[in-house]
């Protein structure tokens, strides 16, 4: 969703540049008793990384649903459906043993990460929390949420980047705008997870909003977003 509106994001969050991104990443941490997925193994897989780790997320969701050993055809079906929301994904011809090993490792890491925050917050893990739309901005869904925490998952070989922070900030603003109208609650915090690297990064939304914007508060940013969206509607 955030990738579709880059101009708006730049206006809302002009400070979300290299320096701030580097500072935010310094707060990243690793989970005890979990191990990163071997990059050497990943290099041996013939699958595209996008499909490989989409399989991991699909398997994690099924494990969270109580399946002890989800069937790989079911994982593939879910992964293909998710990828086709964004582009014309093709079903892989075969899932090799090494692909299963990698996806299972990443899936188990993700499940353990989510269960740990669920136990700490005394809340259940919610899959695909809805993200409201606004005007011409379509509605969507996040990855997970646990109580007041939005959880977004990135299976990359690098630190979190500006686009990752923009994504969760836009999600939060759309959720906040909708919550004002419905007198509902909003997420207070965000947790970025990278099960591939065994990395997590916890962020408070109010602090992130102020750091990424020109010290604007949530109300000012929400009104700015509405103004931009309404202006774009008129232009169109």
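One table, with the values for the structure above:
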{"item": "Sequence ranges 202-208, 185-191, ranked by mean other-Cβ count within 10 angstrom, highest first", "result": "185-191, 202-208"}
{"item": "Relative contact order of segment 2-235, pairs being alpha-carbon contacts under 8 Å that are 6 or more residues apart, as %", "result": "27"}
{"item": "Largest-first ellipsoid semi-axes for the chain, taking √(5λ) over the Cα gyration tensor eigenvalues, angstrom", "result": "31, 20, 18"}
{"item": "Tail beyond 18 Å, pair distance distribution of segment 177-229 (Cα, percent)", "result": "47"}
{"item": "Packing-based ranking, highest mean first, of 49-62, 29-42 given that Cβ atoms within 10 Å are counted", "result": "49-62, 29-42"}
{"item": "Cα-based Rg of segment 1-137 normalised by 2.2 N^0.38 Å, two decimals", "result": "1.23"}
{"item": "Hull volume in cubic angstrom per residue (convex hull over the Cα atoms of segment 58-181)", "result": "133"}
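Laboratory data are not the source of any read-out in this text; all were calculated from the coordinates shown. Quantities reported herein were computed from a predicted structural model and do not represent experimental measurements. Don't worry about glycine lacking a Cβ; one is built from the backbone with ideal geometry, like all the others, and counts go over all protein chains shown.
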